[in-house]
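Shown next, in structure tokens, is the structure this report addresses.
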């Protein structure tokens with residue numbers, strides 16, 4: 001039986017085969033190295049036992065429902081998060097809608113709720129500080145006790161540290177906002193990326209001698225505005241990546257920052273086979289400088305040339 005890599009909610013999980021289920025649970029925003037310690041433990045155990053490995057995650061982030069005035073900006077949209085989770089070796093990802101009804105489930109009813117939807121559940125994998133149930137009242141010791149009462153095992157992964165500090169989505173968000181791509185990519189364990197559709201531009205870059213691929217992109221958690229060394233390739237047919245330089249910003253030299261929307265403009269060193277309407281994947285390798293306003297297009301042209309040289313040096 002073919003298993004869907006993405007299941008929309010626990011109510012739809014009845015389609016899973018009747019094989020022992022090893023379930024990693026968490027928000028997993030960013031799918032960083034700490035998350036993968038939890039997920040990969042489920043994958044390894046499932047393979048050894050001849051069972052299935054799955055992740056249960058949530059959309060939207062609980063803060064959007066519980067603290068809408070302080071909602072956490074996500075590093076990854078739900079689709080990209082599910083794709084990256086499956087790439088770790090999971091058989092499927094269950095994305096549970098985080099509704100008021102689900103948020104109201106008491107901690108002592110959380111495990112029975114899981115078993116009602118997933119009767120084949122055998123083991124649960126979480127981070128050591130994971131909380132669950134109404135008001136986040138449940139902790140790992142309570143989960144252990146509840147699971148044991150139902151014949152389940154619980155594995156709580158210790159936090160993963162980098163440079164003496166725990167890896168966390170919060171830490172990654174801060175580094176991303178500061179343009180510290182070295183830290184972002186080290187914490188993620190992969191190169192930060194995004195996808196977008198190439199749209200027509202005003203061809204200003206071409207007139208300056210630096211043709212660009214323009215991608216409107218408005219992530220919840222945005223990188224620092226500025227210039228980056230990047231790689232880009234097809235999002236629909238992954239393979240070759242082209243090196244280049246990109247500006248993510250409001251283009252204050254040629255546009256009104258008060259009304260402009262953030263735009264990702266990618267200039268590649270070689271002429272790539274992309275055009276308007278193509279879906280691109282962009283990897284953000286290094287921050288080169290902050291966005292700034294220049295006195296005119298001549299000064300802008302000179303700076304773009306220097307930016308291209310800096311990006312070439314980075315890739316060299």
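The values are calculated or read from the model by the stated rules, or taken from the named source; none is laboratory data. Not measured: the values here are computed from a predicted model. Because the Cβ atoms are built from the backbone with ideal geometry, glycine has one as well, and the counts that use them run over all protein chains shown.
Of the residues that sit in the range 72-82 and are at pLDDT 95 or above and in a loop (DSSP other than H, G, I, E, B), which one is surrounded by the fewest Cβ atoms within 10 Å (Cβ to Cβ)?
The selected residue is 73.
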Scanning the range 266-305 for residues that are assigned to a helix (DSSP H, G or I) and in contact with a strand residue (DSSP E or B) (Cβ under 9 Å, 6 or more places away or on another chain), the one surrounded by the fewest Cβ atoms within 10 Å (Cβ to Cβ) turns out to be 303
Scanning the range 11-53 for residues that are farther than 14 Å from residue 189 by Cα, buried (at least 18 other Cβ atoms within 10 Å of the Cβ) and free of Cβ contacts under 8 Å to residues at least 60 places away in the same chain, the one farthest from the chain's Cα centre (by Cα) turns out to be 46
query: Could you say whether any residue in the range 83-95 is touching a strand residue (DSSP E or B) at 6+ places or on another chain (Cβ under 7 Å) and either modelled with pLDDT under 95 or in a helix (DSSP H, G or I) (or both)?
result: yes
- Mind checking whether some residue in the range 190-201 is part of a loop (DSSP other than H, G, I, E, B), closer than 20 Å to residue 56 by Cβ and in contact with a strand residue (DSSP E or B) (Cβ under 9 Å, 6 or more places away or on another chain)? no
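Which of the residues belonging to the range 65-76 are closer than 27 Å to residue 165 by Cβ and without any contact (Cβ under 8 Å) to a residue 40 or more places away in the chain?
Matches in the range 65-76: 66, 67, 70, 71.
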task = Confirm whether residue 179 is outside any strand (DSSP E or B), assigned by TED's automatic domain parsing to the domain that holds residue 18 and more than 29 Å from residue 20 (Cα to Cα).
result = no
